[in-house]
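> Okay, here's the structure, questions in a sec.
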Amino acid sequence: MFVAVEMVDTVRIPPWNFQRQFNDAIAEELNKKLANKVVYQVGLCICLYDITKLEDSYIFPGDGASHTKVHFRYVVFHPFLDEILVGKIKYCSQEGVHVSLGFFDDIVIPPESLQQPAKFDEAEQVWVWEYETDEGAHDLYMDQGEDIRFRVTDEVFLDTSPTGPSAAATDTPGAPGAEEGGQKKEAPYTLLVRRRSLI
């Protein structure tokens, strides 16, 4: 579920942090830049693990800060395929069951991956597994806040880099203020999973 990923970055240390220990200042800047951010095709960054190599520092003309190329390892949330995790049901919708791990909420169990036969109850806004027994069918509700065990089947990375003004104008024709309110914010990293069983 958590992996240490080797990364390289140039870290800028502002002059007012020169009195601090160099490694502490670099660690703080790396955590400010990466913690709780999704790196494309890598995963959700959690925290700095260690610094493996520091190269020479430079001060560029017109900038009093030092710039140092740093090799480091960062702890990243990136579960492997077929890994079984335990989370809580956040809410249900027609798209499926949305699950949260507490620190990561973009987990979706699509309807075709639920235990079958399953149906969506519009009145209760929950998915229902119609469990067959000798006495007949029983409805088992997937209520909000319930623990759920699931298997990771796929991951989706979405490039959320900013687009230029010309690309934004061609993508959403219409009034300038109209598209901002109606645009749906996409998650940069989503896990698609298959339901295993309620705990």
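> Would you check the chain for Lys pairs whose C-alpha atoms are within less than 27 Å, ignoring same-chain pairs closer than 8 in sequence, and give me the count?
Number of lysine pairs found: 22.
> Might you tell me the accessible area per residue for the chain, computed with a 1.4 Å probe and given in Å²?
61
> Within 10 Å, at most 16 other Cβ atoms, and a DSSP state outside H, G, I, E, B define an exposed site. Report the longest part of the chain free of exposed trypsin sites (Lys or Arg not before Pro).
Result, exposed sites excluded: 38-183.
> Related question: What accessible area, in Å² to the nearest ten, does a 1.4 Å probe give for HIS138?
The value for HIS138 is about 80 Å².
> Could you tell me which label, among [x] 22; [y] 34; [z] 52, carries the value of percent of Cα pairs over 27 Å apart calculated for this structure?
From the options [x] 22; [y] 34; [z] 52, the structure gives [z].
> Can I ask one more? Could you work out the longest stretch of the chain that avoids the chymotrypsin sites (Phe, Trp or Tyr not before Pro) located in DSSP loops with at most 14 other Cβ atoms within 10 Å?
Answer - 104-199.
> Hey, any idea what % of region 2-77's accessible area is carbon plus sulfur with a 1.4 Å probe?
On the way: 2450 of 4590 Å².
Result for region 2-77: 53 percent of the exposed heavy-atom area is carbon or sulfur.
The values are calculated or read from the model by the stated rules, or taken from the named source; none is laboratory data. Keep in mind the model is a prediction, meaning the values are calculated, not measured. Note: ideal-geometry Cβ built from the backbone for every residue, glycine included; neighbour counts use all protein chains shown. Remember, those area values only see protein heavy atoms, side chains included, never the ligands or the DNA or RNA. Shrake-Rupley method; radii C 1.70, N 1.55, O 1.52, S 1.80 Å.
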